[in-house]
Amino acid sequence: MKIAVIGSINMDLVLQVQRLPQKGETLLADHFKKVPGGKGANQAVAAARLGADVTMLGALGTDGFGDELLEGLKKERINTDGILRTETPSGNAVITVDEQGNNTIVVFSGANFDVTESWVYDKLELLQEAEWIMFQLETPMETVEKSIQRLKSQDKKILLNPAPAKDLADTLYPMIDIITPNETELALLSGTEDIEAGARILLKKGVRQVVVTLGEKGSLAINKEQIIEGKPYQVKAVDTTAAGDTYNAALLIALMEDKGMKESLDFANAAGALATTRIGAQSSLPTRNEVLELIKKD
Ligand code: RIB
């Protein structure tokens, strides 16, 4: 099962606090952790832990964070030949997590913005065997748009996780096979807070399948023919960081394994739920066995 991820790689600086800070406030954190993250890299690692053969295209600085992040991806058996090293500092994110598991994330894009479409075109050979390519929105929009256009002309299937929320060009929608917004992202893209109506707007723009993630309420798959609801899994959440990234990887893997949509949503919900039970991004991504265990237990 071969997939590729084109996206961001960050070092997350995670501060555990009793409550999230207010404007102008200084807070003392209870714990600090440095954890590999970045939506693209999280999706790549999640997919690898769930059993996929993953190639990642992205960029890292030539700094210490860059070395560490690259090593981490290699340890997960991800093909990193498409990772550019540049003079720009590696991407990083400052994350605060409160005692209820809520977070705030501020990303410094750094080297992630050196991922250009010409870098992607240069590395197309690495993507030859990948059936599906996953994108998020932490690399330049132009790169996302032009790369998707090029990959579509090579009959690749595209999953776009529109996070962080940004407007998309109307020309992009018909090239997307699956789009996976959360409720906030869907509202921004569609202009309505009504989930079903919002999804129908994206379908009308040309996307084939909309999958809306609803946090602890699970997820919904909406296409022109039907609406399917995934089963939510109850867990003790300590940090929601990377739950969405895990969800995306798990959804794609389940669909590639020919699980039906309902079973794929359940598998992805279980994987996403597990990612909330541990602190940090890549430190929280579950293995396939953990996901199957949770599904069996529930
Ligand atoms: O989705 C979580 C990720 O968002 C974090 O790992 C952080 O790096 C940001 O990219």
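The convex hull of the Cα atoms of region 196-279, projected and averaged over all directions, covers 5.3 nm². Per atom type, region 1-122 shows carbon and sulfur on 51% of its accessible surface, probed at 1.4 Å. Starting from region 198-291, pick out the GluC sites (Glu not before Pro) whose DSSP state is loop and whose Cβ has at most 10 other Cβ atoms within 10 Å. Sparse-neighbourhood loop GluC sites (Glu not before Pro): Glu225.
Of all beta bridges that DSSP places with both ends in the chain, some 40 percent have antiparallel geometry.
Could you tell me which of rounded, prolate or oblate describes region 1-95, using a ≥ b ≥ c as the square roots of the eigenvalues of the alpha-carbon gyration tensor, with rounded for a/c under 1.5 and, failing that, prolate when a/b is larger than b/c and oblate otherwise? Could the numbers behind the result be given before it?
Values: a/c = 2.69, a/b = 1.81, b/c = 1.49.
Here region 1-95 falls in the prolate category.
Counting heavy atoms of the protein chains alone, Met141 has an accessible area of about 50 Å² for a 1.4 Å probe.
Close lysine pairs were tallied over region 162-257: pairs 8 or more places apart or on different chains with Cα atoms under 15 Å apart number 4.
Each Lys or Arg adds one and each Asp or Glu takes one away; over the other residues whose Cβ falls under 10 Å from the Cβ of Leu13, this sums to +1. Solvent exposure of the chain, expressed per residue, is 44 Å² of accessible area, with all protein chains present and a 1.4 angstrom probe.
Close amide-amide hydrogen proximity is noted between Asp12 and Val35, Gly37, Ala93, each under 5 Å apart and 5 or more residues distant or on a separate chain (H modeled in the peptide plane; Pro and chain starts excluded).
Backbone amide hydrogens, once placed in the peptide plane, bring Ala59 within less than 5 Å of Ile9, Leu84, excluding anything fewer than 5 places away on its chain. Expressed as a whole percent, the accessible surface of region 237-278 that belongs to carbon and sulfur atoms is 56, based on a 1.4 Å probe.
In this structure, Leu28 and Ala187 have a Cβ-Cβ separation that, at R0 = 35 Å, corresponds to a calculated FRET efficiency of about 0.50. In terms of its C-alpha gyration tensor, region 111-174 has an oblate overall shape, because the principal axis ratio a/c (a ≥ b ≥ c, square roots of the eigenvalues) is not below 1.5 and a/b does not outweigh b/c.
Are there GluC sites (Glu not before Pro) in region 1-101 that DSSP marks as loop and that have at most 10 other Cβ atoms within 10 Å, and which are they?
Values: sites: Glu25, Glu68, Glu71, Glu76, Glu87, Glu99; in loops: Glu25, Glu76, Glu87, Glu99.
Answer by residue number: Glu25, Glu87.
Evaluated on the chain, the Kirkwood hydrodynamic radius is 19.0 Å, with distances taken between all distinct Cα atoms.
Per-residue surface analysis assigns Lys157 an accessible area of about 80 Å², computed on protein heavy atoms at 1.4 Å probe radius. Under a model in which nothing but the beta-carbon of Lys, Arg (+1) and Asp, Glu (-1) is charged, region 84-200 shows a dipole of about 360 debye around its Cα centre.
With contributions of -39500 (n - 2.57) from each DSSP H run of at least four residues, the per-residue ellipticity at 222 nm computed over the chain stands at -10000 deg cm²/dmol. Shown in residue order for region 14-28 are the 3J(HN,Hα) couplings computed by the Karplus curve 6.51 cos²θ - 1.76 cosθ + 1.60 at θ = phi - 60°: 9, 10, 8, 10, 5, 9, 6, x, 8, 4, x, 9, 9, 10, 9 Hz (x for Gly and Pro). In a simple Cβ point-charge model (Lys, Arg +1; Asp, Glu -1; nothing else charged), region 1-46 has a dipole of about 140 debye relative to its Cα centre. Projecting the Cα atoms of Thr96, Leu57, Met134 onto the charge dipole of region 1-151 (Cβ charges, centred on the Cα centre) puts Thr96 farthest toward the positive pole.
The values are calculated or read from the model by the stated rules, or taken from the named source; none is laboratory data. Just so we're clear, the structure is a prediction, and the values are computed from it rather than from any experiment. Neighbour counts are summed over all protein chains in view; Cβ atoms, including those assigned to glycine, are modelled from backbone coordinates with ideal geometry. Just so you know, the surface numbers come from the protein's heavy atoms only, side chains and all, with ligands and any DNA or RNA stripped out. Shrake-Rupley method; radii C 1.70, N 1.55, O 1.52, S 1.80 Å.
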